[in-house]
Structures are given as C-alpha cells and as structure tokens.
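Peer 1: The structure under discussion is supplied below as structure tokens; questions concerning it will follow.
The values are calculated or read from the model by the stated rules, or taken from the named source; none is laboratory data. Since the model is a prediction, treat every value here as computed from it, not as a measurement. Reconstructed Cβ throughout: ideal geometry from the backbone, glycine too, with neighbour counts over all protein chains shown.
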Amino acid sequence: MKDTFEIRVVITRPQYDTHLITPPLGIGYLASYLKSKHIDCTIVDGLNLSLENKEIVKRVKHAQIVGISVLSYYFLKAIDLSKRLKKAGKIVIIGGPHASTLPFLTLSKTHADYIVVGEGEETLYRLVELIGNGTRKKDIHIPGVISRYNKKLIDAPLIADLSSIPMPDWDQIDPRFYQKAPHGGVVKYFPIAPIMTTRGCPYECTFCASPLLWKRRIRYRNPKEVVDEIEYLVNVKGIKEIQMEDDNFTLKRDHAEGVCKEILRRKIHVAWSTPNGIRADRVDENLLRLMKRAGCYAVAFGIESGNQEILANIHKLESLDTIEKAVRLAHEVGFVTQGFFIFGLPGETKDTIRNTINFAKRIPLDKAQFLTLDVIPGSALWDDLRFKNKVNWHIHSYFEVSWVPPTIDKETLAAAQSQAFREFFFRPRQMLTVLRFMKLSQLSYVFRRLKDTKVLKVH
C-alpha cells in the first residue's frame, strides 16, 4: 500500500439560496482526514465564495477527483455541478445527507462516478486510495459506496472512535473569512465558529432523518479534545464565539459537564451557545448554571409545537410542561432563550397553530424560529406520506408549503409563519433582544431575512 498518492482531491458544495452560511464542518472533517493520510485535498466552498457552478469547475481544474456534499435543498444545483464536472473529465464522488438517504436516485440523476453513503471519512479515504492505486471501477467494492458498476449497497459501520478523526481543516474553512450569516441570525461576537462535540441522536422524531443517518446512536468526543479544538480556535484563529452544533449536547450529563469543567479549568474566555437545540428533559438548574459559568450565554430548544397531541404524533417524547419548565429555568439562570417551531406537522389544525403561537408567547423565549414542515428524505414521514414519487426538489419550507395535512386548509397553513413571526417579535422584549445583538455589518443580512418572512406559496 502506498503512503502517498499522486492524486489531487477537491471537496466542494454549490452556491444556493440560504440565510445560513457557516464553515461546513462535514467538508472540513473530510479534508483533514484525507490530509492526515497524506492525500492532497482542497476545499472550494461555492456557497461562501458565491461561486456559480461554472466558476467552481474552473477552480477545480487541477484535481482528478471532486467530491460534492449535497443537501436535498440544493440537489438540483448538485446535479448541474456534477454533470459539468463530468464533462470536464473529473471523477465525481457525491456524499452528504441527501446522497445517504437517496443513494440510487442521486447516482441516477447526477451521473456521478460514486456515491458515498453514511459517515464519510474512512469510506472516502478507502475509495480515494483504490482510485489512486489504479483499481478499475468495476473492481471497487467498498461498504458505503455504490457506482454504476456496483449497485449493491453494503452499510459501512459508524466510526467507533471519534478520536481517530482530526479536527476539521480550519485553515481551509477559516471562520474569519465567512459571511456574517451565522446559525440563529444574530449572535454576540464575531468571528464565530461552529463545532461538534458528539455525533448522532438516539431519538426517533418522525420529521427528522437522523434515525436513518445515525442508526439512533450517539457517540461522544473526549471533552479534553473538544476543548483542545476550542482553545486552538480562540488562540490561533482569534475566534470570540463558539456554536455547539450537536443534536444532543446535554444528553449525557457527564459529557456536557466535562466540556464545561475543562473550559473553566483552562480559563478559556469565550462566549458560546447551542443554536441547534437541546432537549428540555435533559437539563436542570445545576447543569445550566455550570454552562453559564463556562461561557454559554444562549440556548435553543427544539419545541416543534405548542400542542401535546402533535408532539405525540411526531414521537417527540417530551411534554409541554417539561418544555415550559426548562425554558423558564434557562431564563432565570440568565440565558438568551430560543425556540424552534414547525407548522404543518401531522394533525395540525387552525386551533393547534393558535396553540403554538400562544405557547411561544407565554413562555420566556427571547427568540423563536417558525417554519413550515419540510418532508425530508430519510425521515419516517417521507416514507409514511409516500413522498418518493411526488417530490418537488424546488420546494423549501422557508418559501413554500411542501405538504398540507388533511386537517387544515392550505391558506391557513401558508399564513401561519408570518402570523407567528409578527405576533412573537413585535413585542418590546423580543425586539430589544434582536437590536441588542444586531451588528451594523449584519443589517443587509437581517433585512433580507425579514423581507423573506412572508405569506408562503402553496402547491
């Protein structure tokens, strides 16, 4: 086996219409892992650089292999980019959540050479290794990979030891050079960097693809290695705020406490938050106060609905009483609090929409995000609603209604988001919270988000 390969790899993502532009951790991990194996790997982030697909193709002309990370929302963009790259003579590998949940459709539509399914670091390395050694396409048989020569998919095991993966390639996804469009909209400080301290989720919410992607498992990084990364970002990259992007940062108390205590032990002064959400049933006063002492200033909760029956319908496994108690406790401890809500879940009615708006206004939330349901590939709802044969890849919940439950009319559902936004934010405390954290450099970004919060189109 060779120690180095005379092959150059580029990993990219296309530009697409979004209000969230942050360093792509998945791509960063792939690049750092390949480089740890002495493979030349470059990142071209078409989203952050605002590159059209034809410009991306020009920038990757030096590479033999181009990997594309794909979300369902920009699948059409990925199809176009893949075809352009194939025309330019590149070996194209596609991975990411969309490819992992719909691998055969992705292979068919993109004309890519290979699709990587599931966790990518080890699988991508093995694939690049075989390509670099001159293995013929028809002789490449790797768990987690399909191609037009080998359409038999064998699941690749999840990586057992997260310590075997180096931290993301922060030189190539340097947060200092990213647009000021962070998760959550407005934040305390820039520059800001996202990190992951865990991978996976053990729950089974029906609107989420995580049960399929992560097999309802969660794995934890060593808290000391997590804080090594935070210390590097603070001391080397000058980062002033960290966003913990875990699905379940507080699920295992020892893990969350370990990260907090290590930050305090090293006397690292950095603000941080949990914008991806924590579960209300996995926090208490002692843990929240420890997080606050360690620098956390904002927590978000995935609430989804203000109606208990809808929470049961989606297998949320939380009660509204537990959620309210946790939000009030976080508010009392001194956190900026945020809630995520979804309109259009199974069982939604005009009355349950009112339940959700009233609940969001009653509990002490400083910020709230209201969206309509995206029925995403890999979720239980995708299968239950038989979306496979009627999907429209142009539809996205921020702008359009993709599915209407039989319990509500289209017009009422389409108006819910803007109604909730107006009622929630046009109150003194909520407006002051937004103004408190808004930076002049973010004004155009914030105004764009406000402009796009409107009555949705209905299909």
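Peer 1: Only one of K61, K86, K37 is among the charged types (D, E, K, R) and either touching a helix residue (DSSP H, G or I) at 6+ places or on another chain (Cβ under 8 Å) or at pLDDT below 95 (or both). Can you tell me which? Let's see the steps before the verdict.
Peer 2: Details: K61 fails: either touching a helix residue (DSSP H, G or I) at 6+ places or on another chain (Cβ under 8 Å) or at pLDDT below 95 (or both); K86 fails: either touching a helix residue (DSSP H, G or I) at 6+ places or on another chain (Cβ under 8 Å) or at pLDDT below 95 (or both).
Going through K61, K86, K37 in turn, the sole match is K37.
Peer 1: Let me ask something else. Across segment 20-57, which residue is nearest to the chain's Cα centre (by Cα) among those that are closer than 17 Å to A78 by Cβ and in a helix (DSSP H, G or I)?
Peer 2: G26
Peer 1: Where in segment 259-358 are the helices (runs of 4 or more DSSP H), entirely inside, with at least 3 residues that are β-branched (V, I, T)?
Peer 2: Once the helices (runs of 4 or more DSSP H) in segment 259-358 are filtered for at least 3 residues that are β-branched (V, I, T), what remains is 320-333.
Peer 1: Yes or no: L158 outside the structural domain of D40 (by TED's automatic domain parsing), modelled with pLDDT of 95 or more, aliphatic (A, V, I, L, M) and touching a Lys or Arg at 6+ places or on another chain (Cβ under 6 Å)?
Peer 2: On the way: outside the structural domain of D40 (by TED's automatic domain parsing): yes; modelled with pLDDT of 95 or more: yes; aliphatic (A, V, I, L, M): yes; touching a Lys or Arg at 6+ places or on another chain (Cβ under 6 Å): no.
No: the conditions fail for L158.
Quick grid of which residues meet (1) in contact (Cβ under 8 Å) with a residue 40 or more places away in the chain; (2) outside the structural domain of K215 (by TED's automatic domain parsing); (3) touching a Pro at 6+ places or on another chain (Cβ under 9 Å):
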{"residue": "S69", "(1), (2), (3)": "yes, yes, yes"}
{"residue": "G89", "(1), (2), (3)": "no, yes, no"}
{"residue": "L105", "(1), (2), (3)": "no, yes, yes"}
{"residue": "I115", "(1), (2), (3)": "no, yes, yes"}
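Peer 1: Which residue pairs have Cβ atoms under 8 Å apart, sit 6 or more places apart or on different chains, and have a first residue in segment 39-64 that is in contact (Cβ under 8 Å) with a residue 60 or more places away in the chain and closer than 22 Å to D17 by Cα and a second that is of a type in the set (K, R) and crowded, with 20+ Cβ neighbours inside 10 Å?
Peer 2: Pairs that qualify, where the first residue is in contact (Cβ under 8 Å) with a residue 60 or more places away in the chain and closer than 22 Å to D17 by Cα and the partner is of a type in the set (K, R) and crowded, with 20+ Cβ neighbours inside 10 Å, are D45/R13.
Peer 1: Report yes if K86 is more than 26 Å from the chain's Cα centre (by Cα), charged (D, E, K, R) and under 25 Å from H62 (Cα atoms), otherwise no. Break it down into steps so the answer makes sense when it comes.
Peer 2: Values: more than 26 Å from the chain's Cα centre (by Cα): yes; charged (D, E, K, R): yes; under 25 Å from H62 (Cα atoms): yes.
Yes.
Peer 1: Quick one: which of L345, L365 is at pLDDT 95 or above, touching a Phe, Trp or Tyr at 6+ places or on another chain (Cβ under 7 Å), in the same structural domain as S305 (by TED's automatic domain parsing) and not hydroxyl-bearing (S, T, Y)?
Peer 2: Result: L345 is the single residue among L345, L365 that is at pLDDT 95 or above, touching a Phe, Trp or Tyr at 6+ places or on another chain (Cβ under 7 Å), in the same structural domain as S305 (by TED's automatic domain parsing) and not hydroxyl-bearing (S, T, Y).
Peer 1: A further question follows. For segment 226-255, which residues satisfy the criterion of being of a type in the set (A, V, I, L, M, F, W, C) and out of contact with any strand residue (DSSP E or B) (no Cβ under 9 Å at 6 or more places or on another chain)? Spell out the reasoning first.
Peer 2: So the first thing to find is which residues in segment 226-255 are of a type in the set (A, V, I, L, M, F, W, C), and the list is 226-227, 230, 233-234, 236, 239, 242, 244, 249, 251.
Selection gives V227, V236.
Peer 1: Name the one entry in G118, G67 that is small (G, A, S), within 20 Å of E6 (Cβ to Cβ) and buried (at least 17 other Cβ atoms within 10 Å of the Cβ).
Peer 2: G67
Peer 1: What about G295, is it surrounded by fewer than 22 Cβ atoms within 10 Å (Cβ to Cβ), over 22 Å from P211 (Cα atoms), touching a His at 6+ places or on another chain (Cβ under 9 Å) and in contact (Cβ under 8 Å) with a residue 24 or more places away in the chain?
Peer 2: Values: surrounded by fewer than 22 Cβ atoms within 10 Å (Cβ to Cβ): yes; over 22 Å from P211 (Cα atoms): yes; touching a His at 6+ places or on another chain (Cβ under 9 Å): yes; in contact (Cβ under 8 Å) with a residue 24 or more places away in the chain: yes.
Yes, satisfied.
Peer 1: Would you kindly identify the strands (runs of 3 or more DSSP E) lying entirely within segment 142-204 that contain at least 1 residues that are without any contact (Cβ under 8 Å) to a residue 40 or more places away in the chain?
Peer 2: Qualifying strands (runs of 3 or more DSSP E): 145-147.
Peer 1: I'm trying to understand the selection: among the residues of segment 174-198, which are touching an Asp or Glu at 6+ places or on another chain (Cβ under 7 Å) and closer than 13 Å to I230 by Cβ?
Peer 2: I192, P194, I195, M196, T197
Peer 1: Right, here's the next one. Could you run through segment 361-386 and say how many residues are part of a helix (DSSP H, G or I) and surrounded by fewer than 20 Cβ atoms within 10 Å (Cβ to Cβ)? Steps first, please.
Peer 2: First pass over segment 361-386, keeping only residues part of a helix (DSSP H, G or I): 361-362, 380-384.
Next, only the ones that are surrounded by fewer than 20 Cβ atoms within 10 Å (Cβ to Cβ) stay: 361-362, 380, 383-384.
Residues that pass the stated criteria total 5.
Peer 1: Exactly one of these conditions fails for G120: (1) within 15 Å of W214 (Cα to Cα); (2) in contact with a Lys or Arg (Cβ under 8 Å, 6 or more places away or on another chain). Give me its number.
Peer 2: All conditions pass for G120, except number (2).
Peer 1: Restricting attention to segment 16-64, which residues are within 18 Å of P194 (Cβ to Cβ) and among the acidic types (D, E)?
Peer 2: Answer for segment 16-64, where residues must be within 18 Å of P194 (Cβ to Cβ) and among the acidic types (D, E): just D45.
Peer 1: On the given criteria, is K350 at negative phi and either surrounded by fewer than 22 Cβ atoms within 10 Å (Cβ to Cβ) or not assigned by TED's automatic domain parsing to the domain that holds K292 (or both)?
Peer 2: Taking the combined requirement at face value, the residue satisfies it.
Peer 1: Okay, moving on. Being modelled with pLDDT of 80 or more and in a helix (DSSP H, G or I) is the filter here; which residues of segment 388-418 pass it?
Peer 2: K410, E411, T412, L413, A414, A415, A416, Q417, S418
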